[in-house]
Amino acid sequence: MNTAAPIADFRRYPMISALTAVQTLADRVSVQWADGRTSPFHHPWLRDNCPCAKCVYSVTREQVLEIVDVPEDLLPRATRVDSDGCLHIDWQDGHVSRFDPGWLRAHAYDDASRAERRAAKPQSRLWDSQLQLPVFEYQALMDDSQALLQWLLALRDIGLSQVRGVPTEPGSLTSIAKRISFIRESNFGVLFNVQSRADADSNAYTAFNLPLHSDLPTRELQPGLQFLHCLVNEAQGGESIFVDGFAIAHALRQEDPEAFRALCEIPVEFRNKDRHSDYRFQAPIIALDASGQVAEIRMANFLRGPFDASVEQMPDLYRAYRRFMAMTREPRFRLIQRLEPGELWCFDNRRTLHARNAFDPTSGARHFQGCYVDRDELLSRILVLQR
């Protein structure tokens with residue numbers, strides 16, 4: 001069962017276990033759950049998270065209380081489990097707080113509860129050349145919220161997908177991208193046309209082989225999702241190549257931890273310059289999250305500036321960089337497939353490195369359209385669909 005949603009959130013929280021007892025201690029309140037778990041909650045934490053209408057605006061569900069306005073030595077005057085099974089606290093200053101047991105259990109910070117939350121977090125599913133590519137149908141994604149959710153979960157967990165049955169009229173990409181959220185504009189436009197042209201301001205707009213890379217590593221925040229939609233593909237060559245950057249980073253961590261550490265710690269500058277713009281950003285090739293897991297790969301050799309590291313670090317950086325690039329060329333990691341008209345790739349640009357074989361522009365027309373949607377929008381849409 002789900003308990004009633006507290007004012008503090010739009011979600012509903014499952015009733016994992018009922019509250020059976022509460023004890024007030026000098027600096028905290030200790031609650032006992034029916035399944036035997038004990039969870040301590042410090043007094044400032046409880047007062048800070050009071051979900052009542054005086055502390056949280058019921059329309060926006062955003063907090064209006066600031067903890068600095070509460071006496072630092074505020075203590076409960078009385079605590080109990082009320083008739084609805086909620087934790088009820090009467091504070092010494094006359095304020096009353098009431099905590100739903102589902103919400104309280106979901107936010108408990110005893111060791112067991114925190115470990116449960118860590119274990120329940122989505123995990124990246126690493127892949128290699130044997131990936132069973134997740135494929136989805138355009139019309140189902142446009143019409144069915146459950147199909148849409150399954151697509152977004154695949155993007156979140158695997159970082160690569162294909163959609164088929166997409167209309168081939170220019171601009172059709174906009175509709176499916178907006179099923180997730182708004183499109184992120186860049187200096188290449190809202191939608192960008194991937195075609196060979198004489199006045200190219202990027203190697204992507206040539207017929208050259210395009211090595212494995214992430215798009216816009218020159219930005220403080222690389223785009224999260226990238227869409228590439230095939231409108232016409234009559235040219236010989238031009239196959240798409242993908243590798244899971246997270247899988248390569250994981251293998252590097254296991255096989256060469258010193259190289260892995262160098263790519264996590266030594267920043268590299270990336271530059272994107274043309275006649276009208278000049279973008280530059282410096283960051284390590286591999287970024288870790290707060291728990292030490294790989295969260296981002298930043299790589300585009302054709303946009304890289306000269307290394308700027310200490311005399312001691314320079315040999316380590318070059319060795320690590322060469323090793324990472326060599327691993328992206330290993331057949332065990334590479335997925336290669338030609339995109340046909342009416343198909344599109346959608347992938348996590350901060351995880352999945354993509355490339356293109358050279359093609360012969362004299363052998364036929366080739367026209368792709370692309371766009372970006374930030375990863376935050378993907379994660380937000382998933383949560384809204386799930387609730």
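The values are calculated or read from the model by the stated rules, or taken from the named source; none is laboratory data. Being a predicted model, the structure only gives us computed values, none of them experimental. Here Cβ is always computed from backbone atoms with ideal geometry, including for glycine, and neighbour counts include all displayed protein chains.
Please determine whether any residue of the stretch 126-135 is farther than 30 Å from His229 by Cβ, assigned to a loop (DSSP other than H, G, I, E, B) and at pLDDT 95 or above.
no
Is it the case that some residue within the stretch 156-168 is in a helix (DSSP H, G or I), assigned by TED's automatic domain parsing to the domain that holds Gln369, crowded, with 16+ Cβ neighbours inside 10 Å and in contact (Cβ under 8 Å) with a residue 12 or more places away in the chain?
Looking for residues that are in a helix (DSSP H, G or I), assigned by TED's automatic domain parsing to the domain that holds Gln369, crowded, with 16+ Cβ neighbours inside 10 Å and in contact (Cβ under 8 Å) with a residue 12 or more places away in the chain, one finds at least one in the stretch 156-168, hence yes.
For residues in the stretch 169-195 being in a loop (DSSP other than H, G, I, E, B) and of a type in the set (Ser, Thr, Tyr), which is farthest from Gln222 (Cα to Cα)?
Out of the qualifying residues, it is Ser172.
Answer yes or no: is there a residue in the stretch 249-257 that is under 18 Å from the mean Cα position of the chain (by Cα), in a helix (DSSP H, G or I), of a type outside the set (Phe, Trp, Tyr) and within 21 Å of Asp128 (Cα to Cα).
Yes: the stretch 249-257 contains one or more residues that are under 18 Å from the mean Cα position of the chain (by Cα), in a helix (DSSP H, G or I), of a type outside the set (Phe, Trp, Tyr) and within 21 Å of Asp128 (Cα to Cα).
Name the pairs: first residue in the stretch 61-84 and of a type in the set (A, V, I, L, M), second residue at pLDDT below 95 and not in a loop (DSSP other than H, G, I, E, B), Cβ to Cβ under 7 Å, at least 6 apart or on different chains?
As it stands, the answer is Val64/Val56; Val64/Tyr57, since those pairs meet every condition given.
So in the stretch 262-306, with the set limited to residues that are in contact (Cβ under 8 Å) with a residue 12 or more places away in the chain and of a type in the set (Lys, Arg), which one is surrounded by the most Cβ atoms within 10 Å (Cβ to Cβ)?
That would be Arg298.
Which one of these is assigned to a helix (DSSP H, G or I), at pLDDT below 95 and not β-branched (Val, Ile, Thr): Arg47, Arg114, Arg118, Arg105?
Arg118
Need a quick list: strands (runs of 3 or more DSSP E) entirely within the stretch 317-387 having at least 1 residues that are under 15 Å from the mean Cα position of the chain (by Cα) and among the hydroxyl-bearing types (Ser, Thr, Tyr).
Answer list for the stretch 317-387: 352-356, 366-373.
All but one of (1) within 24 Å of Gln236 (Cα to Cα); (2) out of contact with any Asp or Glu (no Cβ under 9 Å at 6 or more places or on another chain) hold for Arg334; state the number of the condition that does not hold.
It is condition (2) that Arg334 fails.
Applying the selection to the stretch 91-133, what residues are buried (at least 19 other Cβ atoms within 10 Å of the Cβ) and either free of Cβ contacts under 8 Å to residues at least 40 places away in the same chain or assigned by TED's automatic domain parsing to the domain that holds Val31 (or both)?
Scanning the stretch 91-133 gives Trp91, Ser97, Phe99, Asp100, Pro101, Gly102, Trp103, Leu104, Arg105, Ala108.
Which numbered condition trips up Phe246, out of (1) more than 24 Å from Arg332 (Cβ to Cβ); (2) of a type outside the set (A, V, I, L, M); (3) in contact with a strand residue (DSSP E or B) (Cβ under 6 Å, 6 or more places away or on another chain); (4) outside any strand (DSSP E or B)?
Against the list (1) more than 24 Å from Arg332 (Cβ to Cβ); (2) of a type outside the set (A, V, I, L, M); (3) in contact with a strand residue (DSSP E or B) (Cβ under 6 Å, 6 or more places away or on another chain); (4) outside any strand (DSSP E or B), Phe246 comes up short only on (1).
Restrict the check to the stretch 330-353 and report whether at least one residue is under 27 Å from Arg184 (Cα atoms), polar (S, T, N, Q) and surrounded by 15 or more Cβ atoms within 10 Å (Cβ to Cβ).
yes
Which of the residues that make up the stretch 219-261 are under 21 Å from Leu379 (Cα atoms), surrounded by fewer than 17 Cβ atoms within 10 Å (Cβ to Cβ) and either modelled with pLDDT under 95 or of a type outside the set (D, E, K, R) (or both)?
Across the stretch 219-261, the qualifying residue is only Leu221.
Cβ-Cβ below 7 Å, separation at least six or inter-chain, first residue in the stretch 314-325 and farther than 13 Å from Val268 by Cβ, second surrounded by fewer than 18 Cβ atoms within 10 Å (Cβ to Cβ): which pairs?
Arg323/Asp256
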